[in-house]
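If you scroll down you'll find the structure; I have some questions about it.
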Amino acid sequence: MIDHIYIESGLREHPRVVEIKQRYTSATIVECDRYGEVFNPKAQNFRLQKSRPALILADKPRGRVQQAPAGYGIGGDHHYYFSHMLNCLYDCRYCFLQGMYRSAHYVLFVNYEDFMRDIRTTLAAHPGEDVWFYSGYDCDSLALEPVSRFCDYFLPEFAGLPHAKLELRTKSTQVRGLLKQPAMDNVVVAFSFTPQEVSAALEHKVPSVQKRLDAMLQLQRAGWQLGLRFDPVIYSDNFKQQYRELFAQVFATLDVALLHSVSIGAFRLPKQFFKTLVRLHPHEALFAGPLREEGGMVSYQQSLGTEMIDFCTEELARYIPQALLFPCDYAA
Amino acid sequence: MSINLVVALMPEAKPLISHFDLAAVNTRSPLPVFQRDGIRLIVSGIGAAAAAAATGYLFAQQQQRDLAWLNVGVAGHGCLAIGEGRLIHKISEHNSGRNWFPPQTLKLGVASDALNSVSRIERRYAQPQFYDMEAAAYYATACRFSSGELVQCFKIVSDNPSHPVDAVNADTARTLIGAQMKSLDRVVTALSALSDTAIKAVTEPAALDACLSRWSFTVTQQNQLYRLLQRLEILEPAPANKAPDLGHCQSATAVLAALNRQVNQLFVQP
Ligand code: SF4
């Protein structure tokens, strides 16, 4: 439920802004000059705000398409990300966005046309080559789809750009926007999973594993290419059993032959983000666990991290060919 | 309950003092302060400097971060009817052109509005918003001590284009605030509950004081000690959690090493 919508005064008449206002007729509208006035002040507490985030409608004037961090990719040579949104409907304890932003408000950049122009320019810098564009870096690609209508705009645009590969990354079941369009060869819809027990404890408001699998199945039947993201892999005393059960559940539902990619990565966070997360959730067991800091990153102690990834890789090998599997070792 | 109320004038304060049954504290204090059960009220006087000074003074008395703060007062408005009360979601400082946006996280169904903090009494009411003389200075000051979600303003319309400010007197202010006491009570309760959540999130580990008084830790070591004790409490919750056995330790370094060992023993290796 959105009770307050902050709108940059220059966007008052923007068609997407008008449409969103019509959707939330009882929301209080607050005008600001630039979204940073609301989003960036120091005296904000992400955790307190997360109980009732507002929506900020803004224009992104620059830096719309960014080089993806090394190791983020799933094959191919050129990787970029673009963020039409900052922050997310869900509330995952490990989410690095809490360390990155002071505010939990959802920022929606409504100048989609400018994003698309930059995507075309970036693509043109690699003539004849495939270029990946990731949309779920600073948000969940689909969770706020009924408001953002991201798919309605971007998918038809990408349809005309066969060398531009788009990855939507999500934990949501908002697939209606995709299902009403024909499946596209250059779009991968990637769903992230942790075992149900872990998800229930750490991924607040995220649909259950089975609900997400049901959404994936609908997409797979409609011909969409799907990705699986087991990232972050989370430790618990019985993680082996938890991940064994998760993989069994996932691959009992989906047709492996139609999967685009599977990636896996252990829990890791830049040290500064980790410190912020501990400050926000000092009693969270995940952050009290067997972690170490090295080279500015916090991750599981070396032997444990390796053991977990090796175990999951071996288990996955029972279901998928090696060529589908990509390690994720990028730093957020 | 823990909340600080900042009010410009005594007639505005009186209904709050009476409703929350507050008693005057320290009659030699430079500003009138009233208190009971975690609710403190200060009467600042009119204007930005007075509001900032009173807010700073109240913080200095308590030295507690993340307390709830509420500025209550009557104010002019460009169009709302006399007696209407609102939380404030945008504060503009007329002189500097600066804006603040107090995050609206209270789920109370209390409407909110924008406010312009001016340095002289407003008689033109050019915009459909509140006009006051304290909120910007109060908010900017209180946000040095608490997160913005915990710093709120509640304003009640005392004058508007058809009821000029000259007709407002002590009686009007007292009556108008008294009539909004139900909403104010809800805001005070919800805001102090939110502050309790923020403060509780940083409860100190039980064994911290004992360790600090027995061994001498550097500042960095104190931080390490704090987190190690906290991790032990999380990983081995009561009743299994007993005070860590550190009696044999000769130094702070030995304490930290022992705690590290104790924490690592709690993980089942795969
Ligand atoms: S779904 Fe992704 S973006 Fe959203 S809170 Fe969870 S980790 Fe963060």
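Looking at A:Asp185, A:Asp237, A:Asp214 in this structure, which one is modelled with pLDDT under 95, over 14 Å from A:Cys92 (Cβ atoms) and either surrounded by fewer than 19 Cβ atoms within 10 Å (Cβ to Cβ) or more than 16 Å from the ligand (Cβ to nearest atom) (or both)?
Matching residue, one of A:Asp185, A:Asp237, A:Asp214: A:Asp237.
Show me the helices (runs of 4 or more DSSP H) entirely contained within segment A:25-103 in which 1 or more residues are on the phi < 0 side of the Ramachandran plot and within 13 Å of chain B (Cβ to nearest Cβ).
Qualifying helices (runs of 4 or more DSSP H): A:36-39, A:46-50.
Could you check segment A:182-206 and list, in sequence order, the residues that are closer than 27 Å to A:Lys240 by Cα and assigned to a strand (DSSP E or B)?
Within segment A:182-206, A:Val189, A:Ala190, A:Phe191, A:Ser192, A:Glu203, A:His204 meet the criteria.
For A:Arg229, are the conditions met, namely being surrounded by 18 or more Cβ atoms within 10 Å (Cβ to Cβ), basic (Lys, Arg) and out of contact with any Leu (no Cβ under 8 Å at 6 or more places or on another chain)?
Yes; evaluated as a whole, the condition is true for this residue.
Would it be correct to say that A:Thr253 is within 11 Å of chain B (Cβ to nearest Cβ) and polar (S, T, N, Q)?
no
Grab the strands (runs of 3 or more DSSP E) fully contained in segment B:93-177, keeping just those with 3 or more residues being away from chain A (no Cβ under 14 Å).
Per the criteria, B:151-159.
Same structure, new question: Within segment A:1-15, which residues are of a type in the set (Gly, Ala, Ser) and either part of a loop (DSSP other than H, G, I, E, B) or more than 14 Å from chain B (Cβ to nearest Cβ) (or both)?
A:Gly10
To continue, here is another question. Does B:Arg227 count as within 30 Å of the chain's Cα centre (by Cα), outside any loop (DSSP other than H, G, I, E, B) and either within 30 Å of B:Ile39 (Cβ to Cβ) or more than 13 Å from every other protein chain (Cβ to nearest Cβ) (or both)?
no
OK, next. Pick from segment A:56-82 the residues that are within 16 Å of the ligand (Cβ to nearest atom) and surrounded by fewer than 21 Cβ atoms within 10 Å (Cβ to Cβ): which of them is nearest to A:Ser148 (Cα to Cα)?
Restricting to residues being within 16 Å of the ligand (Cβ to nearest atom) and surrounded by fewer than 21 Cβ atoms within 10 Å (Cβ to Cβ), the top hit is A:Tyr81.
Next question, about the same structure. Please verify whether A:Val198 is away from chain B (no Cβ under 14 Å) and either within 16 Å of the ligand (Cβ to nearest atom) or among the acidic types (Asp, Glu) (or both), treating the condition exactly as stated.
Judged against the criteria, A:Val198 is a match.
For segment A:155-169, give me each residue that is touching a Gly at 6+ places or on another chain (Cβ under 9 Å) and free of Cβ contacts under 8 Å to residues at least 60 places away in the same chain.
Result: A:Leu155, A:His163, A:Leu168.
Restricting attention to segment A:130-153, which residues are more than 10 Å from the ligand (Cβ to nearest atom) and among the aromatic types (Phe, Trp, Tyr)?
A:Trp132, A:Phe133, A:Tyr134, A:Phe150, A:Tyr153
When you scan segment A:118-153, how many residues do you find that are hydrophobic (A, V, I, L, M, F, W, C), surrounded by fewer than 16 Cβ atoms within 10 Å (Cβ to Cβ) and either at pLDDT below 95 or not in a helix (DSSP H, G or I) (or both)?
Of the residues in that region, 1 qualify.
If you scan segment A:168-181, which residues turn out to be part of a loop (DSSP other than H, G, I, E, B) and either within 16 Å of the ligand (Cβ to nearest atom) or modelled with pLDDT of 95 or more (or both)?
Scanning segment A:168-181 gives A:Lys171, A:Ser172, A:Thr173, A:Gln174, A:Val175.
Give the residue that is modelled with the highest pLDDT, with candidates limited to residues of segment B:230-253 that are over 22 Å from A:Tyr300 (Cβ atoms) and in contact with a Leu (Cβ under 8 Å, 6 or more places away or on another chain).
Looking at residues that are over 22 Å from A:Tyr300 (Cβ atoms) and in contact with a Leu (Cβ under 8 Å, 6 or more places away or on another chain), I get B:Ala252.
Within segment B:156-179, work out how many residues are surrounded by 22 or more Cβ atoms within 10 Å (Cβ to Cβ) and under 19 Å from B:Phe20 (Cβ atoms).
Selection size over segment B:156-179: 4.
Okay, moving on. Tell me, yes or no, whether segment A:272-286 has at least one residue that is more than 14 Å from chain B (Cβ to nearest Cβ) and surrounded by 15 or more Cβ atoms within 10 Å (Cβ to Cβ).
yes
In segment A:154-167, is there at least one residue being within 13 Å of the ligand (Cβ to nearest atom), buried (at least 22 other Cβ atoms within 10 Å of the Cβ) and at negative phi?
Among the residues of segment A:154-167, not one is within 13 Å of the ligand (Cβ to nearest atom), buried (at least 22 other Cβ atoms within 10 Å of the Cβ) and at negative phi, which makes the answer no.
Here's something else I'd like to know. Hey, can you tell me all the residues within segment A:301-311 that are within 22 Å of the chain's Cα centre (by Cα) and within 13 Å of B:Asn264 (Cβ to Cβ)?
Within segment A:301-311, none qualify.
Okay, moving on. What pairs come up if the first residue lies in segment B:114-134 and is assigned by TED's automatic domain parsing to the domain that holds B:Arg98 and among the β-branched types (Val, Ile, Thr), the second is surrounded by 15 or more Cβ atoms within 10 Å (Cβ to Cβ) and part of a loop (DSSP other than H, G, I, E, B), and their beta carbons are under 9 Å apart, counting only those six or more places apart or on different chains?
B:Val118/B:His94; B:Val118/B:Met133; B:Ile121/B:Met133
Looking at A:Asp118, is it away from the ligand (no atom under 16 Å from the Cβ), farther than 25 Å from A:Lys180 by Cβ and among the charged types (D, E, K, R)?
Yes; evaluated as a whole, the condition is true for this residue.
Out of (1) within 14 Å of the ligand (Cβ to nearest atom); (2) within 14 Å of the chain's Cα centre (by Cα); (3) surrounded by fewer than 22 Cβ atoms within 10 Å (Cβ to Cβ), what's the single condition that is false for A:Arg47?
In the conditions (1) within 14 Å of the ligand (Cβ to nearest atom); (2) within 14 Å of the chain's Cα centre (by Cα); (3) surrounded by fewer than 22 Cβ atoms within 10 Å (Cβ to Cβ), A:Arg47 misses (2) alone.
Right, here's the next one. With the checklist (1) within 15 Å of the chain's Cα centre (by Cα); (2) more than 13 Å from the ligand (Cβ to nearest atom) in hand, flag the one item A:Tyr243 doesn't pass.
That leaves (1) as the condition not met.
The values are calculated or read from the model by the stated rules, or taken from the named source; none is laboratory data. Everything quoted here is computed from the prediction, not taken from an experiment. When we count neighbours, we look across all protein chains shown, and the Cβ atoms used for this are built from the backbone with ideal geometry, even at glycine.
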